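Here the structure comes first, spelled out in structure tokens, and everything after it is commentary.
Here, each number is a calculation from the coordinates, and none is a lab measurement. Quick caveat, the model's predicted, so the values are computed rather than measured. As a convention, Cβ positions derive from the backbone with ideal geometry for all residues, glycine included, and neighbour counts pool all protein chains shown.
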Amino acid sequence: MNKDLADRLLQIEGYAKALVQAIRVMDQMRHILEPLLAEDKIGQALNAKFKDTYGGHAYNHLVPLLAQDLIRDLSRLILDEGKKTGSLKNLYRKVEIKEIHSALRERFKHIPDQFHDDEVPIPGLTLEETKQFTDSWRDKDRADYEASFDRDWLKIEAAMASLEKNATAEKVKTFRDKYHAHHEMAPLGKDPMPFKVSDLELTINDLLEFADEYMIVVFELTRLLTGASQDVDGFSQVHRKYARDMWAILAEVEDDDA
């Protein structure tokens, strides 16, 4: 492998690891936001605490502010097409290049080689027979990893094609362009006021479902690029427990759903 290609693979791996960390932070945010939307005893207790208080005015802004942060993160981590960004779209664009894709596939295929580096003679077999057996075992592992790469890559391709037609993605991009990137005002002939976010009909549930769907795609892609698997359900459950426990403490209620 030439140095230029090796450097590009190293860069892509760095992008993938940075994206994983940023997605984890995004997942923490969504779980901090979610209890404030639920009509359970945490939400009811918090609403009761802030009812008819000055603090209630700030509390009422908390959900939209956190939701806007979630939209910002979904935009920059999933949808940003900038060539220097560590987004899912840009990472996928880099990996699509035939030379890069082939090199990553070959590297992934050889991951199990490390499991056979310290083979010891098998009792009852000669050294030559042991070598034949372990070589066959290594070849099977390589074939399995290669098939796994191809299988998951097809899933990722389908998900990225679907992303181009995803209605929530279009609304997130519109929100970013009109609200985050620009403070866009109403066109000539209408009352001079900021762009109405409500016109997008973008719900919190839309955002949470979109985050769940494409967080999985990020981790599937980064597994192919780094060889490292992520326990998505595991760390997401931890984020959920921490967030619900925080709000339960502040609301002064016992939470059995953490």
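Spacing of the modelled spin labels on TRP137 and ASP52, each 7 Å from Cα toward Cβ, amounts to 7.4 nm.
Mind checking the angle between helix 204-226 and the chain's longest principal axis? C-alpha axes, 0 to 90 degrees, to the nearest 10. It is inclined by approximately 20 degrees. What angle, in degrees between 0 and 90 and rounded to the nearest 10, separates the Cα long axis of helix 98-109 from the longest principal axis of the Cα atoms of the chain? Roughly 70 degrees, rounded to the nearest 10.
Counting only lysines at least 8 places from LYS241 when in the same chain, those with an alpha carbon closer than 17 Å to its own are LYS41.
Please enumerate, by chain and number, the lysines with C-alpha under 16 Å from the C-alpha of LYS84, excluding those fewer than 8 residues away in the same chain. Excluding near neighbours in sequence, the set is LYS17, LYS94. The Cα atoms of the chain define a convex hull whose projected area, averaged across directions, is 20.6 nm².
Cross-link reach is defined here as a Cα-Cα straight distance under 17 Å, omitting same-chain residues fewer than 8 places apart; for LYS140 the lysines meeting it are LYS109, LYS131.
Once phi is turned into θ = phi - 60°, what whole-Hz ³J(HN,Hα) does the Karplus curve with 6.51, -1.76 and 1.60 give for every residue of region 17-34, x standing for Gly and Pro? Result, ordered by residue: 5, 5, 5, 4, 5, 5, 5, 4, 5, 4, 5, 4, 5, 5, 6, 5, 6, 4 Hz.
Our helix-only sum for the chain, with -39,500 (n - 2.57) per DSSP H run of n ≥ 4 divided by its residues, gives a mean residue ellipticity at 222 nm of -23000 deg cm²/dmol. Length available on full extension from GLU146 to VAL25: 0.36 nm per residue minus the Cα-Cα distance, which gives 40.4 nm. Which residue, TYR92, TYR214, SER102, has the largest displacement toward the positive end of the dipole of the chain when charges sit on each Cβ (Lys, Arg +1; Asp, Glu -1)? The residue sitting most towards the positive pole is TYR92.
Angle of helix 127-163 to the longest C-alpha principal axis of the chain, folded into 0 to 90 degrees and rounded to 10: 30°. Extent of region 1-125 along its three principal axes (Cα atoms, max minus min coordinate, largest first): 78, 47, 17 Å.
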